[in-house]
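Undergrad: Would you mind keeping the following structure in view while I ask a few things?
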Amino acid sequence: MEAMIGNTKLLFIRGDITEQDTRAIVNAANSGLLGGGGVDGAIHRAGGPQILEECKQIRSTKGICPAGQAVITGAGRLKADYVIHTVGPIWSGGGGGEDELLRQAYANSLKLAVKNGVKTISFPSISTGAYRFPRDRAAAIAVKAVYEFVKESAAIDEVRFVLFNDDILKAFELAWEKLGCAGDSRDC
């Protein structure tokens, strides 16, 4: 599915984030920044050791990356130029500020993209794997966070949600529809 938010193209696609040719891809990282499973492991494997080395340098100067925050590295062997590593919250029932931390993970990734001149960016579904954030709730937060950011900033030309299976893709498309912005190529 494709839509427009002002001058920003928004795409919802099923695919592999490591194969995206956007200027930056977002990694659903853990706070240690040293790789892991899921999207994090796939990005580190596909990008090669350069990403891990840069993450180690960030850790040595800044320490861990807390939930909701983001850091940037090169992309190693990936098609992208950058990897923006953001840490989503671990779901603990919804009473620990998880919604706001997830919103911040998306917003801070976009802020870091703009700061680094990134015009095209690809996001996975953050926190919905091992961190167990409810899929539909996470999709609604992600879509709204991106919508609100690009509505205020014309700095990003394209945002892709690159989702690994049909169920999560449908959840994101439904979240977009519920936001009141449904329809292919429709301005919102």
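The values are calculated or read from the model by the stated rules, or taken from the named source; none is laboratory data. None of the values given here were measured: they were computed from a predicted structure. Reconstructed Cβ throughout: ideal geometry from the backbone, glycine too, with neighbour counts over all protein chains shown.
Undergrad: So, of the residues in the stretch 37-70 that are in a loop (DSSP other than H, G, I, E, B) and touching a residue at least 12 places away in the same chain (Cβ under 8 Å), which turns out to be farthest from Y106 (Cα to Cα)?
TA: Only one residue tops the list, namely G48.
Undergrad: In the stretch 119-147, how many residues are part of a loop (DSSP other than H, G, I, E, B) and surrounded by fewer than 20 Cβ atoms within 10 Å (Cβ to Cβ)?
TA: So the answer is 5.
Undergrad: May I ask you to verify whether K79 is touching a residue at least 60 places away in the same chain (Cβ under 8 Å), out of contact with any Leu (no Cβ under 7 Å at 6 or more places or on another chain) and either in a helix (DSSP H, G or I) or farther than 17 Å from G38 by Cβ (or both)?
TA: Judged against the criteria, K79 is a match.
Undergrad: Moving to a separate point now. In the stretch 1-22, which residues are within 18 Å of A113 (Cβ to Cβ), part of a strand (DSSP E or B), β-branched (V, I, T) and modelled with pLDDT of 95 or more?
TA: T8
Undergrad: Those residues that are part of a helix (DSSP H, G or I) and at pLDDT 95 or above, I need them from the stretch 151-176; list them, please.
TA: D166, D167, I168, L169, K170, A171, F172, E173, L174, A175, W176
Undergrad: Additional query: Which condition from (1) touching a residue at least 40 places away in the same chain (Cβ under 8 Å); (2) under 16 Å from L112 (Cβ atoms); (3) touching a Gly at 6+ places or on another chain (Cβ under 7 Å) is the one that I25 breaks?
TA: The number of the failed condition is (3).
Undergrad: Do we find a residue being farther than 20 Å from R135 by Cα, of a type in the set (S, T, Y) and touching a residue at least 12 places away in the same chain (Cβ under 8 Å) anywhere in the stretch 97-115?
TA: The answer is no, given that none of the residues of the stretch 97-115 is farther than 20 Å from R135 by Cα, of a type in the set (S, T, Y) and touching a residue at least 12 places away in the same chain (Cβ under 8 Å).
Undergrad: P89: touching an Asp or Glu at 6+ places or on another chain (Cβ under 8 Å), farther than 18 Å from R160 by Cα and not acidic (D, E), yes or no?
TA: Here the answer is yes, as P89 does meet what is asked.
Undergrad: Here's something else I'd like to know. Can you tell me which residues in the stretch 14-23 are of a type outside the set (V, I, T) and over 17 Å from A142 (Cα atoms)?
TA: G15, D16, E19, Q20, D21, R23
Undergrad: Could you figure out which of (1) buried (at least 21 other Cβ atoms within 10 Å of the Cβ); (2) more than 14 Å from A3 (Cβ to Cβ); (3) touching a helix residue (DSSP H, G or I) at 6+ places or on another chain (Cβ under 8 Å) isn't true of S92?
TA: Among (1) buried (at least 21 other Cβ atoms within 10 Å of the Cβ); (2) more than 14 Å from A3 (Cβ to Cβ); (3) touching a helix residue (DSSP H, G or I) at 6+ places or on another chain (Cβ under 8 Å), S92 violates only (1).
Undergrad: Being within 21 Å of I13 (Cα to Cα) and without any contact (Cβ under 8 Å) to a residue 24 or more places away in the chain is the requirement here; does K170 meet it?
TA: It is true that K170 is within 21 Å of I13 (Cα to Cα) and without any contact (Cβ under 8 Å) to a residue 24 or more places away in the chain.
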